[in-house]
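Only one structure is covered here, and it is reproduced in the block below.
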Amino acid sequence: MRFPARRIAALALLGLLASSCAYYNTFYLARKYYFKATEGLPYPVEKTSASSAVNYNKSIDYSKKVLGNYPKSKWVDDAYLLWACELLGKDDPLQTINMLQDYPLRFAQSPKKGEALFFLGVAYRQARKYRDAEQTLAQFLELAPKSDLAPYAYLERARALTAAGRDSEAAVAAGQVLERFPKSGLVSRARSARAEALYAAGEYAEARADFSALGLEARTDEERLGFLLREADCLEAARTYDPELALLKDALSHETPPAAGSTSGAGAPGGGFQIPAGADRYGRLMLRIGTAQLLAGRQSEALAVYQSVLKDYPKTPLGAEAQYRIAYAYEIATEDFERARTEYALVKDQFPSSAFTTQATQRLANIDRVMQFRTAGGDTLAKRAEAGFLLAELYLFQHQKPERALEEYRKVAGQYAGTPWAGKALNAEAWVLSRKLDRRAEADSLFWVVVKQYPATEAQLAARDYLEMDGIAVPAELIKLPERKLAPPDTTTLTPPPGEPMPLGPKPDSLRAGGRLAGGAPPRGGFMRPATPPRPRWNPRYASDATGAPGLAGDSPFTPGAGDSASATAPVPPGAAPDTSGMSGAGAPRDPRLTSGPGMPSDSSLTKRPGVPPDSSRAPQRPGVRDSVFTPPRPKVEK
């Protein structure tokens, strides 16, 4: 008896192991396809390719199978979390947020709650909820500072802070990866994130150091050139043009100048030629050298460099850019607008599909406006002042020349002193000083001038708001609201309403013999009638002789009897009101819209009662059409 008992216990244990292996194998396959899609990373750190979608779908199917077929297994919380991570890979962070927000409540005893918190923060960042992402990732780092996911948390937090505009904090967060996890595979990504954050924060020297380190780690020449140009951006932003030129010329010395005809590649749609891969590096460096020369105030050297690129790369995207920058140099540096117009018009001849062709068209329109404003006289004070404002705004926003904009605003304030236009110009001048040139004290002085010298104007209210925005209190007794001009009264003469209700049906003189108008033309629309009127239905009202005695006239209801005619007038009952419908004759057809159809009374309802005038208040109306607002009230009829 002991042998069968042991066998039963062994079989039961074998069944349990088989069941456990079944749901473990299912979860194992889900993890296998997930890591195949993420290339071994805990989640897709960068944007995934379309080819990964197949593996994500397979992983989701196996995760759902674990949840559906083995709901009481110990792998349920793992499968649920894996499913949420797979949705991140499929670019559905909102669904991931919905799944992970209540994960601690759904799986209160799960050891995966910390990981769920991390992936929730990643989902917030991908869903552009940067504040929630930063707070969630900071909470995870407090709970698990030594977790394997900690470097990823610092990187994701740096990305969220950068997107939120907190660049200095983002640089610190990215630096934690470099300091605490120097052997992590995220070092290059973290250094790149810190470099961009430092650049955005205005710390150009530190940013350049990071870009230089990234250039040393570059795997291809294209990556190396990209990081070198970012170094040049840092020097350019710091306005140290000579070191920038030295950096670019040193890099140029390692490139081979293009030979004649070697830059022409395959033809591009719309015209021009594409440059072969890697053959444009010399031209790109030359364009940056020209830009540095232009910013340094050396217009002739910059134009010479651009002309050289245009000669070496004709009919290519680089040629279009060089031509655009030639025109831009004439427009911005020398303000030779006529020459700039000519040069901008040549950009489309180099490479029609280039983005610089579109920009050249826009700049041409701006130049036309500048030239128009420069010569605009205007026939009113408002037009002349508006021309000055538009010219200043073009210098400020299009040409990026705040000093030139200040000159134009000062011209307007001086020419129209004492007018509301002068107050508006002073406000604009103060705005440029404070927002563009960081000269707050001068700006506040101008705002006070407007507050005190331009009362009862919109400019005074705007100046007060700017001062209060900076924490400066403005006494209420100085502020006077501008007078509001009332709109002129409406003198339009309205058509008077009719004195009495409009009669139902066509006008008495609208239908004449044969259904034609007075001028001989047939009526239009529903009143159109053929020359020979159709015979109406037989009606007992018309089946009588001239004496009014009932009976059939003739051999049929439609044939007039002896002594009668088809145009004989139908008898009118004694005391009844005359028929004003304009239809005479016993055989004259009535308009079908007045005798039948939805909402219309039957023939019997149209029979006039002796001594009772027509009731206009019961006139049928077309469905859905409201009465005119000028229609007088209908009289009530006593029944």
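Yes or no: Arg435 surrounded by fewer than 16 Cβ atoms within 10 Å (Cβ to Cβ) and under 32 Å from the mean Cα position of the chain (by Cα)? It is true that Arg435 is surrounded by fewer than 16 Cβ atoms within 10 Å (Cβ to Cβ) and under 32 Å from the mean Cα position of the chain (by Cα).
Could you grab me the full set of residues in the stretch 473-508 that are aliphatic (A, V, I, L, M) and modelled with pLDDT of 75 or more? Quick ask: steps written out before the conclusion?
At the first step, the residues of the stretch 473-508 found to be aliphatic (A, V, I, L, M) are 473-474, 476, 478-479, 481, 486-487, 494, 502, 504.
Within the stretch 473-508, Ala473, Val474, Ala476, Leu478, Ile479, Leu481, Leu494 qualify.
Restricted to the stretch 98-111, and to residues that are open to solvent by less than 20 Å² (accessible area, probe 1.4 Å) and in a helix (DSSP H, G or I), which residue is farthest from Phe35 (Cα to Cα)?
We begin by selecting, within the stretch 98-111, every residue open to solvent by less than 20 Å² (accessible area, probe 1.4 Å); these are 99-100, 103, 110.
Keeping just the survivors that are in a helix (DSSP H, G or I) gives 99-100, 103.
Values: Met99: 20, Leu100: 20, Tyr103: 22 Å.
The extreme case among them is Tyr103.
Counting the residues of the stretch 172-192 that are open to solvent by 10 Å² or more (accessible area, probe 1.4 Å) and free of Cβ contacts under 8 Å to residues at least 60 places away in the same chain gives 14. Of all residues in the stretch 146-168, one or more are more than 21 Å from Ala207 (Cα to Cα), free of Cβ contacts under 8 Å to residues at least 12 places away in the same chain and surrounded by fewer than 16 Cβ atoms within 10 Å (Cβ to Cβ). Answer yes or no: is there a residue in the stretch 414-428 that is open to solvent by less than 20 Å² (accessible area, probe 1.4 Å) and aromatic (Phe, Trp, Tyr). No, the stretch 414-428 contains no residue that is open to solvent by less than 20 Å² (accessible area, probe 1.4 Å) and aromatic (Phe, Trp, Tyr). Regarding the stretch 112-133, can at least one residue be identified that is surrounded by 16 or more Cβ atoms within 10 Å (Cβ to Cβ), outside any helix (DSSP H, G or I) and out of contact with any Asp or Glu (no Cβ under 8 Å at 6 or more places or on another chain)? Among the residues of the stretch 112-133, at least one is surrounded by 16 or more Cβ atoms within 10 Å (Cβ to Cβ), outside any helix (DSSP H, G or I) and out of contact with any Asp or Glu (no Cβ under 8 Å at 6 or more places or on another chain), which makes the answer yes.
Out of Ala417, Ala387, one residue alone is at pLDDT below 90 and either farther than 25 Å from Leu295 by Cβ or touching a strand residue (DSSP E or B) at 6+ places or on another chain (Cβ under 9 Å) (or both). It is Ala387.
Does Ala205 fit the bill of being crowded, with 24+ Cβ neighbours inside 10 Å, under 30 Å from Glu231 (Cβ atoms) and out of contact with any strand residue (DSSP E or B) (no Cβ under 6 Å at 6 or more places or on another chain)?
Against the criterion (crowded, with 24+ Cβ neighbours inside 10 Å, under 30 Å from Glu231 (Cβ atoms) and out of contact with any strand residue (DSSP E or B) (no Cβ under 6 Å at 6 or more places or on another chain)), Ala205 does not qualify.
I'd like the residue in the stretch 299-334 that is among the β-branched types (Val, Ile, Thr) and assigned to a helix (DSSP H, G or I) and, out of all such residues, is surrounded by the most Cβ atoms within 10 Å (Cβ to Cβ). By that ranking, first place goes to Val309. Could you check, for the stretch 282-298, whether at least one of its residues is modelled with pLDDT under 90 and either touching a Cys at 6+ places or on another chain (Cβ under 7 Å) or open to solvent by less than 50 Å² (accessible area, probe 1.4 Å) (or both)? Among the residues of the stretch 282-298, not one is modelled with pLDDT under 90 and either touching a Cys at 6+ places or on another chain (Cβ under 7 Å) or open to solvent by less than 50 Å² (accessible area, probe 1.4 Å) (or both), which makes the answer no.
Pick from the stretch 335-356 the residues that are among the polar types (S, T, N, Q) and open to solvent by less than 60 Å² (accessible area, probe 1.4 Å): which of them is nearest to Leu394 (Cα to Cα)? Here the answer is Ser354. Checking the structure you have, find out if any residue of the stretch 94-116 is acidic (Asp, Glu), under 24 Å from Leu141 (Cβ atoms) and without any contact (Cβ under 8 Å) to a residue 40 or more places away in the chain. Within the stretch 94-116, one or more residues are acidic (Asp, Glu), under 24 Å from Leu141 (Cβ atoms) and without any contact (Cβ under 8 Å) to a residue 40 or more places away in the chain. Residue pairs whose Cβ atoms lie under 7 Å apart, separated by 6 or more positions or on different chains, with the first residue in the stretch 388-409 and of a type in the set (Gly, Ala, Ser) and the second surrounded by fewer than 16 Cβ atoms within 10 Å (Cβ to Cβ), are Gly388/Lys411. Could you go through the stretch 78-97 and let me know if any residue there is over 35 Å from the mean Cα position of the chain (by Cα), open to solvent by less than 10 Å² (accessible area, probe 1.4 Å) and more than 27 Å from Asp132 (Cβ to Cβ). No, that holds for no residue.
Which ones in the stretch 241-253 are under 11 Å from Leu285 (Cα atoms) and without any contact (Cβ under 8 Å) to a residue 24 or more places away in the chain? Spell out how you get there, then give the answer.
Of all residues in the stretch 241-253, those under 11 Å from Leu285 (Cα atoms) come to 245, 247-253.
Passing the criteria: Leu247, Asp250, Ser253.
The values are calculated or read from the model by the stated rules, or taken from the named source; none is laboratory data. Keep in mind it's a predicted model, so treat the numbers as computed, not measured. Using ideal geometry, Cβ is built from the backbone for each residue, glycine included, and neighbour counts are taken over all protein chains shown. Accessible surface areas use protein heavy atoms only, side chains included; no ligands, DNA or RNA. Shrake-Rupley method; radii C 1.70, N 1.55, O 1.52, S 1.80 Å.
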